1. Can you compute the modelled spin-label distance between ASP39 and TYR386, with each label point 7 Å from Cα toward Cβ, in nm?
2. Using only the Cα atoms of the range 353-445, build the gyration tensor, take square roots of its eigenvalues as a ≥ b ≥ c, and label the shape rounded, prolate or oblate: rounded if a/c is under 1.5, else prolate if a/b is larger than b/c, else oblate.
3. For the chain, modelled as a Gaussian network with Cα springs under 10 Å, which listed residue fluctuates most, LYS19, LYS364, LYS254?
4. Would you please give the residues with an amide H less than 5 Å from that of VAL67, counting only those at least 5 places away or on a separate chain, with H modeled from the backbone geometry?
5. Could you compute the FRET efficiency for ARG240 and GLU415, with r as their C-beta to C-beta distance and R0 at 51 Å, rounded to 0.05?
6. Only four residue types carry charge here, +1 at the Cβ of Lys and Arg and -1 at the Cβ of Asp and Glu. Report the dipole size of the chain about the Cα centre in Debye, rounded to the nearest 20.
7. For n ≥ 4 DSSP H runs only, could you compute -39500 (n - 2.57) per run for the chain, divide by its residues and tell me the 222 nm figure to the nearest 500?
8. Between ILE30, ILE374, ILE73, which gets the highest mean-square fluctuation from a Gaussian network model of the chain, Cα cutoff 10 Å?
Amino acid sequence: METDARPRASMDEIVALAKRRGFIFQSSEIYGGIGGFYDYGPLGTILKRNVKDAWWRENVELRDDVVAFDSSIVMHPLVWKASGHVDAFHDRLVDCKICKHRFRFDHLKNAEQCPDCGSKGSLTQPRNFNLMLQTHVGPMEDSASVAYLRPETAQGIFVNFKNVYQSARKRPPFGIAQIGKSFRNEITPGNFTYRLREFEQAELEYFVPDDGNDLATFETWVERRKQWYADYGVKPDRLRFYELSQEERPHYAKAGVDVEYLFPWGWGELESIAHRGTYDLDAHMALSGKDLRFFDEGSKTHYTPLLIESSAGVDRTALTMLIDAYEIDRSVDPNGKDTERLVLRFHPRIAPVQAAVFSLARNKPELVERARSIESALRRRFRTQYDEGNIGQLYRRQDEIGTPCCITVDFDTLEDGTVTVRDRDSMHQERVGAGGLEALLHERFA
Ligand code: GAP
């Protein structure tokens, strides 16, 4: 059987599949939606959870030098003053006085003319627009009660640095990791779940002593993150690690690498890895007046550790997994007929469903019962789904949601206890004893 895998899907195809199969829906769709917000459906929720679990496993559970953290979304407003977000986290915007549309100044090709209605000289002077979403805390809605929904999870870690190292009895080098929601009032949300106003970040703040090894540790983290994307099968030719020049980095940063993926519209950032020096702890010490330095019991000295940050977007990574997995297989079947199938080639640890178990017939209670009992036994160890009916349609559905293995119970199963196992990628089918399924799936998903 010849096959040819089409390399790229259009965003329209991805969005259509995401809706049809229950990965991602527009938020508040029945009211016309709301820009920059999306909901995850039954399969998308599991996909996103698997991405988070894969990150957490590698960066927290498998490391004895990283501890877990979960800070509140709303923090004291001075946190955002110290971090620089109140004064400097903004885009420059212009308004068209004729059509009333609003644009990012840095996106304009021609500052003389409105890109939407074409009017000349209709644009206002650029104004700063802060990207933090605001709310009010308490019963009064005045300037004293203004608070912000965090635009990054990192600051919750910085302000707790001392609480964490003292309670967890850690000394640099060690890291604090957090996965959680962040909010940014983006001017131009778009490209599906790429640029959102509400999104999740997976951030690792790694504190190191200033002993001359900091740049080597930075490089080690870049390598670790490279390995993580490779381990989960992201195609290497669609991934790049872009080294920021001194001009592109903030003045305090000693090094920076952006992890970028080749999306259908071009390269886009998935994660930023940055050597931030002592900037963040210094800023909070200066404004709070509290000492956040590390106290070294051995030398009886205080010092401010340097910080290496790796900050990934969970939604962008889940979208990457979806886009990267999407393929159309064209093949010629044994009768010489051209066929086409849509298949998501998810890594088995990322796939929302790992094994689907089918009964070949709907109306044969003994088959249904046998298939259900095989499925419920496997469910304890794997993400499984039971289904029944037309085998061609069942395979098609599971290919479209990226299920690596399909197991079919038929009349022979009742005679000899064997089932058909079909592999998503090769479409190869083999007959195996139902008792050996658990070991077989373990071996395939290892
Ligand atoms: N603490 C550092 C920090 O927040 P960032 O580069 O602004 O750095 C890190 O954000 C990651 O968070 C980005 O690489 C991206 O994956 C994700 N991210 C940022 N803004 C986002 C948005 N509007 N929608 C979805 N993901 C976003």
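1. According to this spin-label approximation, the distance is 2.8 nm.
2. Since a/c stays below 1.5, the shape of the range 353-445 is classed as rounded.
3. Answer for the Gaussian network model of the chain: LYS364.
4. For VAL67, the qualifying residues are GLY175, ILE176, ALA177.
5. For ARG240 and GLU415, the calculated efficiency is 0.40.
6. In debye, rounded to 20, the chain gives about 840.
7. -8500 deg cm²/dmol, from helical runs alone.
8. ILE30
Read the figures in this text as sums done on the coordinates, not as results from a lab. The shown structure was predicted, so the numbers you read here are calculated from the model rather than taken from an experiment. When we count neighbours, we look across all protein chains shown, and the Cβ atoms used for this are built from the backbone with ideal geometry, even at glycine.
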